[in-house]
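The block underneath contains the structure these notes are about, expressed in C-alpha cells.
Derivation of every value follows stated rules applied to the coordinates shown; laboratory data play no part. Predicted model, so just to flag it, every value in this text is computed and none were measured. All Cβ positions, glycine included, derive from the backbone under ideal geometry; neighbour counts span all protein chains shown.
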Amino acid sequence: MREDLEQQEQMAALRAFWASNRKWITSILILLTIISVSTTIWKYYKDTKLAKASELLASAEQAIGNQKISDAILITKELSENYSLYLHRGLAGLMLAKALVFDDRKKEAESELRDLINHNDVGISWVARIRLAGLLLDMNKPVDALDVLPEEIPDNWISIASDRRGDVLMVLGRKEAARKAWLKALNSYDEEGIGGLAGKMIRRKIATIDSLQISKETGARQ
C-alpha cells in the first residue's frame with residue numbers, strides 16, 4: 001500500500017514537473033534533434049565531397065597517364081573551383097604541372113605551380129615553390145626563381161629548398177650566398193640522416209665554389 005502511494009506521489013511529481021517545464025524541455029529536445037540531424041547531414045556532405053575529390057584525382061592521373069592533357073586540365077580546374085582546400089587539388093595540380101613541362105608547355109606549368117603556392121597544405125605549397133624555382137631557372141628567370149624561395153623556410157623543407165635556393169643564387173653570381181644556402185641544406189640533410197646522394201651533390205657544389213675561390217686568389221697573387 002505504501003509502495004503504491006509512493007509510486008502515485010512520484011507520478012504526480014513528474015506530471016507537475018512536466019507541466020511546469022514542458023516548453024523548455026520540448027525546446028531542448030528539438031534543438032538536440034536539429035543538432036543530430038545537422039551533424040549527420042554535414043558528415044554525409046563531407047564524405048560525399050571527399051569521395052568526389054578522390055574520384056577526380058584518379059581521373060586526372062589516368063588522363064595524364066594516357067597523355068590526354070586537355071582532359072587533365074579540365075579535371076584539375078574542377079578540383080580548383082570546387083575542392084580548393086582539399087589535398088587532392090594540390091596533388092592533381094603537381095601532376096598536371098609536371099606533365100605540362102614534359103609537353104613543353106612551360107608557361108602553363110608556371111601558372112599552375114604559382115597557383116599551388118597558395119594552397120593551404122604546407123607540403124603542397126613548398127613542393128610547388130621548389131619545382132617552380134627549378135622551372136624558372138630553365139626558363140632563364142633566376143630573379144623570379146629567387147622570389148619564390150624566401151630565406152625563411154619551414155624546418156621540414158630546409159634541406160631541399162635551401163639546396164634549390166643555392167642553385168638559384170649561383171646562377172645569379174652570388175657565390176658566397178649560394179655557399180651558405182648549400183651549407184644550410186647539407187647541415188639539414190645530416191641532421192635528418194637522409195643526405196645520401198643529395199648530400200654528395202651538395203658537397204661537390206661547395207667544393208666547386210671553394211676551388212673557384214682558390215683559383216681566383218692564386219691568380220691575384222700572381
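Below is a table of values for the structure above.
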read-out: Per-pair calculated FRET efficiency, R0 = 35 Å: ASN118 and ASP210 via Cβ, rounded to 0.05; value: 0.35
read-out: Peptides ranked, highest mean first, by Cβ atoms within 10 Å: ranges 163-171, 106-114, 144-152; value: 163-171, 106-114, 144-152
read-out: Total formal charge among the other residues, if their Cβ is under 12 angstrom from that of LEU116, Lys/Arg +1 and Asp/Glu -1; value: +1
read-out: Rounded FRET efficiency, nearest 0.05, which uses the C-beta distance separating SER54 from ASP138 and R0 of 30 Å; value: 0.40
read-out: Inter-label distance, nm, simple model (7 Å from Cα along the C-beta direction), ARG105/ARG174; value: 3.4
read-out: Extension reserve of the ASN66-LEU85 stretch, reckoned as 0.36 nm per residue once the Cα distance is removed; value: 4.2 nm
read-out: Above-threshold pairs, the threshold being 27 Å between Cα atoms, out of LYS180/LYS200; LYS49/LYS107; LYS49/LYS106; LYS77/LYS184; LYS107/LYS175; value: LYS49/LYS107; LYS49/LYS106; LYS77/LYS184; LYS107/LYS175
read-out: Positive minus negative residues near ARG179 (Lys, Arg vs Asp, Glu; Cβ under 11 Å); value: +3
read-out: The range 60-148: Cα Rg divided by the 2.2 N^0.38 Å rule of thumb; value: 1.02
